[in-house]
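What follows is calculated from the coordinates using simple rules that are stated; it is not laboratory data. Here the structure is a predicted model, which means the values were calculated and not measured. Don't worry about glycine lacking a Cβ; one is built from the backbone with ideal geometry, like all the others, and counts go over all protein chains shown.
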């Protein structure tokens, strides 16, 4: 039972990332992108949303592969609760990289 919940979680995460990668565009970014949705009109004109969305969408489309690949690798080295804990913690790593790379778009 525990393993099936973990597999469901991995599939759910991957599909969510994929939907984000394909779902966010210039039209709905005004409502869905945190930070961009609170900018003034002047700030939005200065911000290169096309370039940012190119980076953002590419990141999330690739990120959909991270949960199953990282789980497969962790499954080789760990088991049980240790596997779940370590796998869960390493799911944050791509977002640290994403945050660092996103700062170059700051207007």
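Test residue 12 against the criterion of being assigned to a helix (DSSP H, G or I), surrounded by 14 or more Cβ atoms within 10 Å (Cβ to Cβ) and out of contact with any helix residue (DSSP H, G or I) (no Cβ under 7 Å at 6 or more places or on another chain), and give yes or no. In short, no. State whether one or more residues within the range 18-38 are within 23 Å of residue 66 (Cβ to Cβ), in contact (Cβ under 8 Å) with a residue 60 or more places away in the chain and either more than 15 Å from the chain's Cα centre (by Cα) or surrounded by 12 or more Cβ atoms within 10 Å (Cβ to Cβ) (or both). Scanning the range 18-38, I find no residue that is within 23 Å of residue 66 (Cβ to Cβ), in contact (Cβ under 8 Å) with a residue 60 or more places away in the chain and either more than 15 Å from the chain's Cα centre (by Cα) or surrounded by 12 or more Cβ atoms within 10 Å (Cβ to Cβ) (or both), so the answer is no.
Looking only at the range 63-82, which residues are surrounded by fewer than 17 Cβ atoms within 10 Å (Cβ to Cβ), assigned to a helix (DSSP H, G or I) and free of Cβ contacts under 8 Å to residues at least 40 places away in the same chain? Let's see the steps before the verdict.
Our first condition is that a residue be surrounded by fewer than 17 Cβ atoms within 10 Å (Cβ to Cβ); within the range 63-82, this holds for 65, 68-69, 72-73, 75-82.
Then keep just the ones that are assigned to a helix (DSSP H, G or I); that gives 68-69, 72-73, 75-77, 80-82.
69, 72, 73, 75, 76, 77, 80, 81, 82 - these are the residues of the range 63-82 that are surrounded by fewer than 17 Cβ atoms within 10 Å (Cβ to Cβ), assigned to a helix (DSSP H, G or I) and free of Cβ contacts under 8 Å to residues at least 40 places away in the same chain.
Any chance the range 41-57 includes a residue that's more than 18 Å from the chain's Cα centre (by Cα), in contact (Cβ under 8 Å) with a residue 24 or more places away in the chain and outside any helix (DSSP H, G or I)? There is at least one residue in the range 41-57 that is more than 18 Å from the chain's Cα centre (by Cα), in contact (Cβ under 8 Å) with a residue 24 or more places away in the chain and outside any helix (DSSP H, G or I).
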